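The values are calculated or read from the model by the stated rules, or taken from the named source; none is laboratory data. The model shown is predicted, which means the values in this text are computed figures rather than measured ones. Using ideal geometry, Cβ is built from the backbone for each residue, glycine included, and neighbour counts are taken over all protein chains shown. What goes into the accessible areas is simple: the full protein's heavy atoms, side chains included, and nothing from ligands, DNA or RNA. Shrake-Rupley method; radii C 1.70, N 1.55, O 1.52, S 1.80 Å.
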Amino acid sequence: MALSTELSGVQAAQTDIDTIGNNISNINTVGFKESVANFADLYGSSLQGASGNTATPGQGVTTSSLSQLFSEGTITQTGNPLDISINGNGFFQIQTSSGAAYSRDGAFQLSQNGNLITDSGAMLMGYAASAATSGAGGATSSGFLAPIQVNESNIAPTATQNLNMDVNLPASDAAIDTTAVPFSLSNAASYNESTTTTVYDSLGVSNTFTTYFTKASGSGSPPEWQTHYALNDSSGNLIASGSGPTMTFNSAGTLTAGTGAITVAALPDGAAPLTFNLNFTGSSLSNVAFGVNALNNDGNGGGQFTGVTIGSNGQVTGQYSNGDTKVFGTIALANFANPQGLIAVSDNMWLPSTSSGLPTTGTPGSAGLGNLESATLEGSNVDLSSQLVNLIVAQQAYQANVQGINVEQQDIQRLLTIQ
């Protein structure tokens, strides 16, 4: 009996040493979680022992469980935008060839198909961007989970179709007799204010569009404002000029009319004729100095893909050389009612079990899930100093149980020599 008792102690101590050794060997493993061996004593049941008449010694020890500690590891800056750490609760959901798995290892890279993948090739899952939300600031936070895919193709140029300009015109500007002083680009006395912006043709070439504002005398109360324009290429050469929409205001200074089409039939670079709507909606007339309050141009030049950023809310956004952005999707996080019930498998992954419960999925920062930190990685949560101390204790337990076996062996040898 004593030999089996001490043997159980040796086996328990060996399990403890193996667990500590595994912790130490993964001291530099990204997202690794420390394990602890839990032990329970063994007692044989008998009626005598139950009645309390005879004291019965225990029968040794057994390993009751190996529990993982899911405290957060140290977050370290890496400079790689595809490295992601979770600051708080949650796990990345990744798709392996065998099905869904979960991980805290955020060292991702791009596959040849543009998927965000782990070192072992498992794909990171999230919410795909829809056409309605794929522009700058688009939010994707629901629907079926799908692999996050980054499209590295360039953005095609788009000709300007709408130019919306919200300006304030000064009521104190002197009215100009447009009959005596007709508008002329070369005569600054023929207009009161001007502003310059950029419009794009069908080839994505940017051209300078200057709008001139003239307060016309004798044109009503308040006086109407005539607009003119000039379109110049990047070298300053004049491409076209003409009249724009007339702006009228009521006595409160609110715009009552001010929309019109601008058409340039021929462009020197061979682009298609440029036609766009010039809209001054929201503009005002007041005692405030001239200023442009808002400007919106729906055209853009072509853009090359320059990189990707990942926000704290999980949005994966492409960056382009023309300043545009495109949302490719939102990384999803999962959590469990009992994370310690997860089954640890290779490649820094866990699988759910009946003990862990089913995963609940959401976007970072929602429903108790942590936020993401791009260009960082979460290190192992193993404390090397405490592990070394625990290893000494486990080794002493192993040696003590082995010594007990030696004593029992000597006693048995003495019994066998009795004549």
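Here are the numbers:
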| item | result |
| --- | --- |
| Total residues in the range 238-275, condition farther than 27 Å from residue 178 by Cβ and open to solvent by 30 Å² or more (accessible area, probe 1.4 Å) | 6 |
| Qualifying positions in the range 279-313 - open to solvent by less than 40 Å² (accessible area, probe 1.4 Å), polar (S, T, N, Q) and either under 27 Å from residue 78 (Cβ atoms) or more than 32 Å from the chain's Cα centre (by Cα) (or both) | 279, 283, 284, 286 |
| Complete set of residues in the range 1-41 that are within 30 Å of residue 84 (Cα to Cα), in a helix (DSSP H, G or I) and open to solvent by 20 Å² or more (accessible area, probe 1.4 Å) | 21, 22, 24, 25 |
| Identity of the residue in the range 381-391, open to solvent by 20 Å² or more (accessible area, probe 1.4 Å) and among the polar types (S, T, N, Q), that ends up farthest from the chain's Cα centre (by Cα) | 390 |
| Tally of residues being assigned to a strand (DSSP E or B) and open to solvent by 20 Å² or more (accessible area, probe 1.4 Å) across the range 116-130 | 3 |
| Any hit, the range 368-377, residues being among the hydrophobic types (A, V, I, L, M, F, W, C) and without any contact (Cβ under 8 Å) to a residue 40 or more places away in the chain | no |
| Which listed residue, of 73, 79, is of a type in the set (Gly, Ala, Ser) and surrounded by 15 or more Cβ atoms within 10 Å (Cβ to Cβ) | 73 |
| Test: residue 377 is surrounded by 12 or more Cβ atoms within 10 Å (Cβ to Cβ), assigned to a strand (DSSP E or B) and touching a strand residue (DSSP E or B) at 6+ places or on another chain (Cβ under 9 Å) | yes |
| Unique residue being more than 27 Å from residue 324 (Cα to Cα) and either part of a loop (DSSP other than H, G, I, E, B) or without any contact (Cβ under 8 Å) to a residue 24 or more places away in the chain (or both) when the list is 186, 153, 241 | 186 |
| Qualifying residue in the range 279-290 (condition: of a type in the set (A, V, I, L, M, F, W, C) and farther than 21 Å from residue 168 by Cα) | no |
| Residue satisfying condition, being under 30 Å from residue 7 (Cβ atoms), open to solvent by less than 20 Å² (accessible area, probe 1.4 Å) and in contact with a helix residue (DSSP H, G or I) (Cβ under 8 Å, 6 or more places away or on another chain), within set 400, 394 | 394 |
| Scope the range 353-369; condition buried (at least 18 other Cβ atoms within 10 Å of the Cβ) and assigned to a loop (DSSP other than H, G, I, E, B); matching residues | 356, 359, 363, 364, 365, 369 |
| Breaking point among (1) over 26 Å from residue 34 (Cα atoms); (2) open to solvent by 30 Å² or more (accessible area, probe 1.4 Å); (3) β-branched (Val, Ile, Thr), for residue 316 | (2) |
| Residues located in the range 317-342, provided they are among the hydrophobic types (A, V, I, L, M, F, W, C) and under 21 Å from residue 101 (Cα atoms) | 331, 332, 333, 334, 336, 337, 342 |
| In the range 336-376, residue modelled with the lowest pLDDT [restricted to those that are under 27 Å from residue 307 (Cβ atoms) and of a type in the set (Val, Ile, Thr)] | 363 |
